[in-house]
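The block underneath contains the structure these notes are about, expressed in structure tokens.
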Amino acid sequence: MLPRMLPAPRPASRGGHLLIIGGAEDKLRQRQILARFIALAGASEARIVVISTASSLGDEATDLYRSLFHALNVADVRGIRPLTREDANDPRIAALLDDATAIFMTGGNQLRLASVIGGTLLGRALLERQRAGAIVAGTSAGASAMSTHMVAFGTSGATPKQRMTQMSAGLGLLPGVLIDQHFEQRNRIGRLLALIAQSPALLGMGIDEDTAALVSPNGVMEVIGKGSVTILDPAKLQTDAYEVKRHRPMMASGVLLHSLPAGYRFDLRRRRLLAPLRALSTSERELAAMETAGKRARALIRRVAAEGADDRVVERARRRRAVRARRVEEASE
């Protein structure tokens, strides 16, 4: 006899949207995901706060998104980057969210983001603004940190194995769902399967690059972008995860998998597929107007994307620049 399907924990029925981006969202051409974020934030009247705590790129990550949002006709864009819990408990920093219509969390290291902000004045202000109607978006690490339970780190692979990943507390914006990003590109289905096998009360959500899950206040998720959102529903799961030792493969059977491209919707509360929406088209004129990024922006976009794959990439780049500078200096002597 199959076990009875249990309902997922219910996301908040009020508040603003959540835009959960799988990383490497299009910043140069159609910018469909960022444009949807701006529209829900209030268009040209939006007041956006960019939180770049997760990034090791410093103010460059903030400057990148500030320039992108300015290009999308938003004038009021503020950046904050608390690096310690003391910073995140500063009332002056938390107050910057008071009138925000939108909050955007950059990529980088989700454990750094959750460790610095979770449980602080800023963390509470973030939750309060979302409950008051502001849209909250996160890309890459910023996406993972949105859930109550978060993928902290782990290894890639298609086979779920014991100890291949670790879970920690996130920021609590989306209860009952465990989010992983860069999903198809970095082959992360194994670690998401492993986590929901160990915690089958949670719904697994894997988001591809340049793809987003837009979650409405009533818990309905819509897919936006070029890739897919993968939903793993373990309500009828059978597993031996509780007895597998060391790093051995674990058995996971009966998991219901949904692979949803753009336009499809999924009810996270009732765990069921809904009727799809018609895809929105972009006019040639709009496309032409979006072809405006310079060389520096493209280079920074590549660095931001690489940071999510390997946190050491920034340090290696700095070392290479330092070596080149020394060689130039030695050659001129």
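With a ≥ b ≥ c the root eigenvalues of the C-alpha gyration tensor of the stretch 60-156, is it rounded (a/c under 1.5), prolate (a/b larger than b/c) or oblate? In terms of gyration-tensor shape, oblate.
Send over the per residue convex hull volume for the stretch 103-223, Cα only, as a whole number of Å³.
Values: hull volume 11.7 nm³, N = 121.
Convex hull volume per residue, Cα atoms: 96 Å³.
The amide H of GLY79, built 1.01 Å from its N in the peptide plane, has VAL50 as neighbours under 5 Å, considering only residues 5 or more places off or on other chains. Here the 3J(HN,Hα) profile of the stretch 68-80, calculated from phi with Karplus coefficients 6.51, -1.76 and 1.60 at θ = phi - 60°, is 5, 6, 4, 5, 9, 6, 9, 8, 8, 10, 10, x, 10 Hz, Gly and Pro shown as x. Comparing Cα centroids, the stretch 232-276 and the stretch 91-134 end up 29 angstrom apart.
Backbone phi angles across the stretch 56-66, fed through the Karplus curve with coefficients 6.51, -1.76 and 1.60 (θ = phi - 60°), yield HN-Hα couplings of 9, 7, x, 6, 4, 5, 4, 4, 4, 6, 4 Hz in residue order; Gly and Pro are listed as x. Residue ranges 62-75, 45-58 sort as 45-58, 62-75 when ordered by packing (mean number of other C-beta atoms within 10 Å per residue, highest first).
We did not get these values from a lab; they are worked out from the coordinates using the rules stated. Because the structure is predicted, anything quoted here is derived from the model rather than measured. With ideal geometry, Cβ positions are generated from the backbone for all residues, glycine too; neighbour counts draw on all protein chains shown.
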